[in-house]
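What follows draws every value from the coordinates through simple rules; no lab data is involved. Note that the structure is predicted; figures quoted are calculated from it, not measured. Cβ atoms come from the backbone with ideal geometry, glycine included; neighbour counts cover every protein chain shown.
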Amino acid sequence: MAKFHHGNLREALLTRASEIIEAGGIEALSLRGMARDLKVSATAPARHFKCRADLLRTLAMMGYDRATNATVAALNDAGDDPVTRLNAMAKAFVDWSLDNRALYTAIFHPDVSRQADEALKRALIDFAALVQTAIGEAQRAGWRQSDDPQVLFHHITALIRGMTANMSDPLYVSVAGRVDRQVVETVIDAMIPIGAGSTDHISPR
């Protein structure tokens, strides 16, 4: 559990919220419960977060910021080939999602989406634009040039979110078996083959 020290209640609340979400999901989260866990007054969290939705929006914004940093770093480390760079971005997002499950959950939870403010909407737009730009560059390099970029965007985002969900779902794992990261890489490689000008692909249609 997060340890609270005078002067860092906001950070302690965010850390404790992440712990609760990882253990029991967003439904288990409450400001009053976190105040009790951190041994502060029931009203103390309100000095930093007006309500539970405000806390979740903050976690989601943190998530988009860190996911963007992780995917951009992977893209920059992947070299000059646009197809390889797109491949690296997809793998990096799955890796980040699995290593930061609370923030990933906050990003995509329906309660957060329904109450998204303009800043959160802008974060999603900017992240989507990053992926769409990478797709466009890969297509210009010869990858799936005849496919609709918007279809490719939806296919890639569905793929990486689906793989993350499969690896995180205990019921799925109990039935289908554990999905390790090598399997994820193989699945992504099948859709986005490493190498400039690659035209082998799995059709999304």
In whole percent, the Cα-Cα distances of the range 27-138 spread across 5 Å bins from 0 upward as 2, 12, 19, 18, 16, 13, 8, 6, 4, 2, 1
Using the per-residue mean of other Cβ atoms lying within 10 Å as a proxy for protection, in what order, highest first, do the peptides 138-151, 62-75 fall? 62-75, 138-151
If you scale each eigenvalue of the Cα gyration tensor by 5 and take the root, what three semi-axes come out for the chain, rounded to whole angstrom and sorted largest first? 36, 18, 14
In degrees, nearest 10, range 0 to 90: what is the angle between the Cα axis of helix 82-99 and the longest Cα principal axis of the chain? 30 degrees
How large is the convex hull of the C-alpha atoms of the range 1-87 per residue, in Å³? 120 Å³
Cα-projected label distance for D169 with R114, points at 7 Å along beta-carbon direction, nm: 2.2 nm
The range 1-49: radius of gyration over Cα atoms, expressed as a fraction of 2.2 N^0.38 Å: 1.01
Using a simple charge model, +1 on the beta-carbon of Lys and Arg, -1 on the beta-carbon of Asp and Glu, nothing else, what dipole does the range 53-191 show about its Cα centre, in debye to the nearest 20? 220 debye
Mean residue ellipticity at 222 nm from the helices of the chain, using -39,500 (n - 2.57) per DSSP H segment of n ≥ 4 over the full residue count, to the nearest 500 deg cm²/dmol? -22500 deg cm²/dmol
Using θ = phi - 60° and the Karplus form 6.51 cos²θ - 1.76 cosθ + 1.60, what ³J(HN,Hα) does each residue of the range 55-65 get, whole Hz, x for Gly and Pro? 5, 5, 4, 5, 4, 5, 4, 4, x, 4, 4
How far, in nm, would the chain grow between K39 and A53 when pulled straight, counting 0.36 nm per residue and subtracting the alpha carbon separation? 2.9 nm
Amide proton proximity set for W143, modelled H, under 5 Å, gap of 5+: G197
For the range 33-49, Karplus couplings with θ = phi - 60° (6.51, -1.76, 1.60), whole Hz, Gly/Pro x: x, 5, 4, 5, 4, 8, 6, 10, 5, 4, 8, 4, x, 5, 5, 10, 9
Would you tally the net charge around S41, using a Cβ to Cβ cut-off of less than 11 Å, leaving S41 out, and scoring K and R as +1, D and E as -1? +4
